[in-house]
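Structure record follows, encoded as structure tokens.
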Amino acid sequence: MEILDLQKMRCPMSLVKLKRYLLLYDRSSNKQQDSQLCLLFSNQQAMQDIILYLDKKMYDYSSVITDKQVTLVMRINTNN
């Protein structure tokens, strides 16, 4: 599982850059295996913005929300 901690970046990653990253990640991951990507956010709104972008047919995802961080675990759906 690859972890991308968006909280520790010096400047916040824009939604456009994150979309590009996800596109590159999709292309580079092996579609035969279930690839997982874990995104760490500092707030729930940032996570909701990404969830709106996700193609529901392409990803399975779950989220965990605590007082200190929001975690979104995405798995590329290989059943399509």
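The values are calculated or read from the model by the stated rules, or taken from the named source; none is laboratory data. Not measured: the values here are computed from a predicted model. Cβ placement follows ideal geometry from the backbone for every residue including glycine, while neighbour counts extend to all protein chains displayed.
Figures for the structure shown
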| item | result |
| --- | --- |
| Some residue of segment 19-38 being in contact with a helix residue (DSSP H, G or I) (Cβ under 8 Å, 6 or more places away or on another chain), under 13 Å from Met74 (Cα atoms), of a type in the set (Phe, Trp, Tyr) and at pLDDT 70 or above | no |
| Residues of segment 65-80 satisfying the condition of being modelled with pLDDT of 75 or more and either assigned to a strand (DSSP E or B) or loosely packed, with under 13 Cβ neighbours inside 10 Å (or both) | Ile65, Thr66, Asp67, Lys68, Val70, Thr71, Leu72, Val73, Met74, Arg75 |
| Members of segment 3-14 found to be surrounded by 11 or more Cβ atoms within 10 Å (Cβ to Cβ) and modelled with pLDDT under 70, listed by number | Pro12, Met13 |
| Every residue from segment 45-59 that is modelled with pLDDT of 80 or more, of a type outside the set (A, V, I, L, M) and surrounded by 12 or more Cβ atoms within 10 Å (Cβ to Cβ) | Gln48 |
